[in-house]
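Everything below concerns the one structure shown next.
Values in this text are rule-based calculations from the coordinates and carry no lab data. Since we're looking at a predicted model, the values are computed, not measured. Glycine also receives a Cβ, built like all others from the backbone with ideal geometry; neighbour counts cover every protein chain displayed.
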Amino acid sequence: MTSLNSLILVCLAYVALLFLVAFVAERLAARGYGGWLRSPLVYTLSLSIYCTAWTFYGAVGSAARNGLEFVTIYLGPTLVMLGWWMGLRKLVRVGRSQRVSSIADLISARYGKSNLLASCVTVLAVIGVTPYIALQLQSITLSFQAFVDASDDPMGYAETGSALWVAVGLAVFAILFGTRNLDANERHHGVVTAIALEAVVKLVALLAVGIFVVWGLAGGIGPAMAQIDASAIGAWQTEGSRWAAITFLSAAAFVCLPRMFQVMVVEADDERHLRTAAWAFPAYLMLISLFVLPIAAVGLTLMPAGSNPDLFVLTLPLSNDREGLAMLSFIGGFSSATSMVIVAAMALSTMVSNHIVMPLWLALQGDGASVSGDVRHVVLLSRRISIAAIMGLGYLYHAAAGEGVALASIGLVAFAGIAQILPSLVGGLYWRGATRAGALAGLTVGFVVWIYTLLLPEIGGAILPAGLSEAGLFGLSWLSPGGLFGGTGVDPLVSSVVWSLGFNTVAFIAMSLLTFPSPLERLQGAQFVNVFEHSTGPRGWTGSIAQTEDLMIMSQRILGPDQAHALFAREAMRQGVRGSLPEPSPAFLQALERELGGSVGAATAHAMVGQIVGGASVSVQDLMAVADESAQLLEYSSQLEAKSAELSRTARQLREANDKLTQVSLQKDAFLGQVSHELRTPMTSIRAFSEILRDTTGLNDAEKSRYGAIIHGEALRLTRLLDDLLDLSVLESGQVSLNLGHGQLSDVLDQAASTALTGSDGNLRLRRSAEAEAIALHTDLDRLTQVFINLISNAQKYCEVDRPTLTISAREFGSMVTIDFVDNGAGIPEEAQAMVFEKFARVGGEKAGGAGLGLAICREIMQRLGGDIQYLRGQGGAAFRVSLPSRDAKGARRT
Amino acid sequence: MSGGQTPPVFLERRTYRRRRVLDAARVLPWIGSALLAAPMLWPVARPDTDGATMPMSHAMTFVFAAWFGLILLSAVLSVLLGRTGATDLSDAGDVAQISPVRPDRGRAR
Amino acid sequence: MRRNVMLIEDEPNITEAIRFLLTRDGWDVQTHADGNSAVDAVTRVLPDLLILDVMLPGKSGMDILRDLRGRPETESLPVLMLTARGQSRDRDMAEKAGVNRFMTKPFSNAEVLDAVRDLVPSPT
């Protein structure tokens, strides 16, 4: 008989072997040996942590109760593996290219690196997996118990004590080999190798027991089959709905369980291993389940009524005095339990530490930015404490729940809880429209429904108020946990799975449709959904210049080549680096981020720079894609801007043209009005007086001659006006031909003075200086004379003083000759000065009957001659300055 | 195959083979699901009915035979995938080129 | 009693012609040539009829008319307006301002006399 002591010794020896294997594997991997450690075989075997003590003991128990139903637990994963090309391949590729450390990390990364989401998944996982860990502890203590019961050793055995020690031992192992590296993404070769060994052990143990049972006890395959048919489980008894539900559930759990994610994605060395695992792992599962039914049937037949079917694997060999086989079986069960607990604790601790402890710690630190290198220790410590805490939780759960619950039911409850992650996971991998809010809503809804319909009724009977499970919430029977929405009579597990996952999915999709994702979420969404299009497998960014090059390429796409080159060259110069690529110093990165932020927004720029420099969680191709998108947007918007600028320019031009036309039209109106007025006024006098002469009888001779003189004068005025108008129109249209000639200024002035003063009764005195006027001119002398006549006549007309005097002073400086005409009159009022050169501008009353065109004509003439005429202010009287180019200058403008 | 790109009309024999193997790999889980859903049609033995029942040995034989067949198919596909030069696990066609992401593109496939 | 007419016109020859015509027709004619002081002159004299030129130095005939129409004593004073610009816009403006008769220069003497007699009917 095996004593309890020897059993413990065997356990310790086995654990020591595991330690040794793990240690050697770590050393080999560290030295670069051991390619076989990375073989597909090891990968496939490591997946076998799916098969826990629940499989080893519980499958037989389940088969003894429900027949072939247990096999669904393995059919689900089989189907997932068969569909690896469409599903797992993507999951592994995403997981590796994003360098995720856990399923919580993956979900969080997909939905914009949301820590809230990560902590939700973590809490869900802890609640879902803790009972599972308790289950493993329970299976170990039960198996101890089986040996104790079978032995005659009277030595006392404290059941709870053994569970505690087992928990402590497993925690130590997990801490030693699971938290060696800071980077949770690095492979734990030691642990994986030990798990692979355990996978072999449990398979061999179960096969050995099966072979013993079929050929040793039943007497061959045929009799074994007959025995099965004859047993209590001899007929098919599984409802279709339950068959489908559990198959689906196990498939979902296979993907979502933290420990499965750990070995399948995080510890994956090479995604090509999936190709082998696609058939090898289903084969493993098939072999594991092959003898379950025969063992159950034979156990039911041979073992006394009331023995625990969960322990047939142990008790059958024991009761047949096959101690060696029993020991092997015990070790197989022990293997199943330990491997699951170790990996689960590792995976959960990473999640708890990364998504709950570290954020809290950083928040408590206050200043997150000052955290430096010593965070390493904090991370490792928190991960180790998390492992201990999870094991402690599992132990407490085990101690509290006792042995009342069948192994299989706990396992299924845990599966249903973990499966709540599935909608967010699948949606995140295949649907770009999935948002963080959607994932949160789905998870929360599914989680709550799961707790209410499955977790509480199944394991928390004491927590629920009596009568709730029958009467339902608020006394509404359709809200009772077992029969939600009138599903009474349906299997509670099926009902719970349908409702929890159904509501979960609906909430997830609806919320995703209603909300708008953040830029990072959208970037990550594209990353995940299109992972095969822009990743050729994970690449690490090593070497700072490589980073700078990538930053450069990215910047070019966003800023344009010139600006990007200038920016980088400037920084390189500032750093004193030869060449155009600077070191990616923090200051430079910050500057670059700001620069990019101007183009694409701060959040995107932060994400882009952060991704290139801060690790390879996003491949460069993706950044390029985003950069291209941004560049196109920028280009488009700048085109739009250019177009709108052009439009507004055109509009402005049109407005200006319109203004000009309006102005011209107004000017034309005003001009016509003026001309009309100037013509009609003399004609009015002429008509009035001629009618008086014609119609009035008895006019005396004096009257007749006076009215005749008025008519004559007005007729002359009309003629003058017409002459001036014609003159002006010729000058303005530029059709005037200049008659250039040489002459002296004094001669021109002489002629003008004599013409202007002849025949007038004015007493205007001219003051001239002969020396100053000795200036040779080359211009149109007749036109110049006309200007001078106009000016002298004006003085004569408007200078109303006793002794009107006009001072004419000529000066030549530089290339210009100026001649000033200043009289001693009142001058022109300030407000009229600006107008004197305009057509029909008249100052004062209608004294001399001028049409107001004289000065306008003067200005036209002077401009034709290449000079000008201006009114001089502050000269006492009216003062005009005529300027024209001297003889040596280029001469008059010929037109 | 993945949308958005025009594949050449005639593919190399090897590539053609590979694509058909991939088609098979995609179909396999559905075949598996159909096969393994068959037990849902079997009559369930209840204490109150004396109707026809499915002997457990038959049930077991069917399930394990189907299972074994699926594993065999998967193994054959795995070997074929390895032999057709599937050193890279990307979809045939997107190995050589990396197409930029279009923002409006939905699912990849 | 002789009727009183006031003429506001800056062109001396036209002023003389109208004065000649109306005096012989039995009017007392007063003249004024400056636009700025025209309103004061009119309100001081309060003639039976006002003949107003449009283009005046200082203040245009339109403004003078508007000003007069705003005062109770000249509100209904008969006004004959003469313009040399001859644009239809001016006629509209003048009618809006409240003119009684609008004539374009050059006019025939008979027309002016008819208009004046029409605007201020003889008391007999």
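Using the Cβ of A:S39 as centre and a radius below 10 Å, the other residues enclosed give a net charge of -1, where K and R count +1 and D and E count -1. Per residue, the convex hull spanned by the Cα atoms of segment C:3-119 amounts to 88 cubic angstrom.
Around the amide H of C:L82, modelled in the peptide plane, lie the amide H atoms of C:L52, C:D53, C:V54, C:M103, all under 5 Å away and 5 or more residues distant in sequence or on another chain.
Amide H contacts of C:T31: C:L7, each under 5 Å away and 5 or more positions distant or on a separate chain (H built 1.01 Å from N in the peptide plane; Pro and chain starts excluded). In terms of other Cβ atoms within 10 Å, A:K797, A:K202 run from fewest to most in the order A:K797, A:K202. Other protein chain C-beta atoms within 10 Å of residue C-beta, averaged over A:220-228: 2. Listed from fewest to most Cβ neighbours within 10 Å, the set A:D802, A:D727 follows the order A:D802, A:D727.
Here A:E69, C:E11 are placed in order of increasing Cβ neighbour count within 10 Å, fewest first, which gives A:E69, C:E11. Calculated from the alpha-carbon coordinates, segment A:736-885 shows an Rg and a Dmax of 14.5, 41 Å respectively.
Summing Lys and Arg as +1 and Asp and Glu as -1 over all other residues whose Cβ lies under 12 Å from the Cβ of A:L721 gives a net charge of -1. Proximity of backbone amide H atoms, modeled 1.01 Å from N, is registered between A:L806 and A:R765, A:L766, A:R767 at under 5 Å, excluding neighbours fewer than 5 places apart on the same chain. Dividing the mean sequence gap of close Cα pairs (under 8 Å, 6+ apart) by how many residues segment A:736-885 holds gives a relative contact order of 23 percent. Among the listed pairs A:K797/C:K105; A:K660/A:K797; A:K660/C:K105; A:K660/C:K59; A:K704/A:K839, a Cα-Cα separation exceeding 30 Å is found for A:K660/A:K797; A:K660/C:K105; A:K704/A:K839. Dividing the Cα radius of gyration of segment A:652-756 by its Kirkwood radius returns 1.19 for Rg/Rh. Rounded to the nearest 0.05, the FRET efficiency derived from the C-beta distance between A:Q563 and A:A510 at R0 = 41 Å is 0.40. Please find the FRET efficiency linking C:S60 to A:N739, where r is the Cβ-Cβ separation and R0 is fixed at 51 Å, and quote it to the nearest 0.05. For C:S60 and A:N739, the calculated efficiency is 0.75. How high is the FRET efficiency from A:E323 to A:D491, r the C-beta distance, R0 51 Å, rounded to 0.05? Computed FRET efficiency for A:E323 and A:D491: 0.80. Take each residue of peptide C:100-113, count the partner chain Cβ atoms within 10 Å of its Cβ, and average: the result is 3.
With the alpha-carbon atoms of segment A:163-316 aligned to their principal axes, the span from lowest to highest coordinate is 56, 37, 26 Å, starting with the largest.
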